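This report concerns only the one structure given below.
The values are calculated or read from the model by the stated rules, or taken from the named source; none is laboratory data. Predicted model only: the values in this text are computed from it and were never measured. Cβ atoms come from the backbone with ideal geometry, glycine included; neighbour counts cover every protein chain shown.
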Amino acid sequence: MSESPARKPSVIRKRFPWGWLILGVIGLVAVVAMMAAKGGPVSVSVSSPTVFKAGERNPLVTASGYLVARTRATLSSKVLGRVSWLGVQEGSRVTKGQILARLESPDLAASRDQVKAQLDQAKVELDRAEKLQAQGIQDAATVDKLRSQKLTLEAQLAYQNALLQSMDLRAPFSGVVTQKLSEVGETVAPGSAGGANAINAVLVMADFGTLEVEVEVNEASIIKLTRGMPAEVRVDALEGQGGRAVLKGRLREIYPSSNRQKAVVIVRVAFVEKDSLLVPDMGAKVTFLGDPYLQDVVVLGREQVKKQDGKSYTWVVENDVAVQKPVAILAENPVGLEVSGLPRDSKLIVAPPESLKPGAKVKVKG
């Protein structure tokens, strides 16, 4: 039985290669787009060079470190005892000589009272013997023995009083309590090690007036540093606070020793200006400054300077065209390379693509 004429068009539509036709159209559009993009401008990002004005100091060395207090102490007792009173908390401000904690001392008080009673009795006996000696009844040897006994008991009483005074822990200097290591009722012992290694200590305090930055400087850069030179301290915790993030400092001390594993030397930087938010162990970055620049200097990042055939150049945008601008490297600092031959208002191409050619049309992003 033959098919009816009405069904023949549907068979033709079913067997026609519509899929291949659609793929061909898509491919043609892609080729046209690639050709158009190849002839169009290259999209790039630009930035401005860093400019140090005449009079600004030359950055020599940059190092990172942490804030430390030059005057810091971990307080522990002189004798074994139990904390009976604690008068400070973390953040308490204390003055020199202030009583911070007290240990239980009933046994020492009783021992002191016993020695005092013995001393009072010795004084009475010595006074009686001296009167009898004046009358010719008492011999000199007995009087000397009683006098020696009195002196011995006076020394013992002074020792007992010193022990009782040591049960009161006093602030060795004015500062701030940074850590409380014991509570009332806990037993503490004399610290055999100082600093953070003290065992059974009571508290840690520091003088925030002596805060400074401790950084590690590479051995090769130490020759550029001198005691007293100016520095800029950028504190991580103050970022976002405007100008407060960068504080003035000066190099206080270069430690006379080196770390053989790291090949670094410890350098301490004192603050010339401080901020009330500074506390120990904050992270900071220090830039040591040299002599002032005599004229304006343009500085480029190291990745922005390219070399070809022994000459240095950088990519810039001029009149919407990519240009290889030749530059001469004058010096190097922690910020980058000091160059000449480049206007300060140049538009530097950030991360130029490898396929970029001189004279290519470019379009600045944003």
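A compact table of results
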{"quantity": "Out of LEU330, LEU342, LEU356, sole residue that is modelled with pLDDT of 85 or more, in a loop (DSSP other than H, G, I, E, B) and assigned by TED's automatic domain parsing to the domain that holds LYS307", "calculated": "LEU342"}
{"quantity": "Test: ASP345 is among the charged types (D, E, K, R), out of contact with any Pro (no Cβ under 6 Å at 6 or more places or on another chain) and closer than 30 Å to ARG268 by Cα", "calculated": "no"}
{"quantity": "Any chance SER77 is assigned to a strand (DSSP E or B) and either in contact with a strand residue (DSSP E or B) (Cβ under 7 Å, 6 or more places away or on another chain) or modelled with pLDDT of 90 or more (or both)", "calculated": "no"}
{"quantity": "Criterion violated by PHE288 - all others in (1) closer than 30 Å to LEU356 by Cα; (2) touching a residue at least 60 places away in the same chain (Cβ under 8 Å) satisfied", "calculated": "(1)"}
{"quantity": "Subset tally (residues that are free of Cβ contacts under 8 Å to residues at least 60 places away in the same chain, in a strand (DSSP E or B) and in contact with a helix residue (DSSP H, G or I) (Cβ under 6 Å, 6 or more places away or on another chain)) for segment 259-283", "calculated": "1"}
{"quantity": "Lone qualifier among PRO353, PRO343 - being in contact (Cβ under 8 Å) with a residue 60 or more places away in the chain and exposed (fewer than 15 other Cβ atoms within 10 Å of the Cβ)", "calculated": "PRO353"}
{"quantity": "Residues of segment 334-349 classified as closer than 12 Å to SER312 by Cα and among the hydroxyl-bearing types (Ser, Thr, Tyr), total", "calculated": "1"}
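Residues are listed down the side, and each one gets a yes or a no for (1) assigned to a helix (DSSP H, G or I); (2) under 57 Å from the mean Cα position of the chain (by Cα); (3) small (Gly, Ala, Ser):
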site	(1), (2), (3)
VAL46	no, yes, no
PRO59	no, yes, no
ARG82	no, yes, no
GLN89	no, yes, no
ASP120	yes, no, no
GLU130	yes, no, no
LEU153	yes, yes, no
GLN156	yes, yes, no
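This table checks each residue for (1) at positive phi; (2) of a type outside the set (A, V, I, L, M, F, W, C).
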site	(1), (2)
PHE271	no, no
TYR293	no, yes
GLY341	yes, yes
VAL350	no, no
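Let's see how each residue does on (1) β-branched (Val, Ile, Thr); (2) closer than 27 Å to GLY228 by Cα; (3) surrounded by fewer than 15 Cβ atoms within 10 Å (Cβ to Cβ):
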site: GLU273; (1), (2), (3): no, yes, yes
site: MET282; (1), (2), (3): no, yes, no
site: VAL297; (1), (2), (3): yes, yes, no
site: LYS325; (1), (2), (3): no, no, no
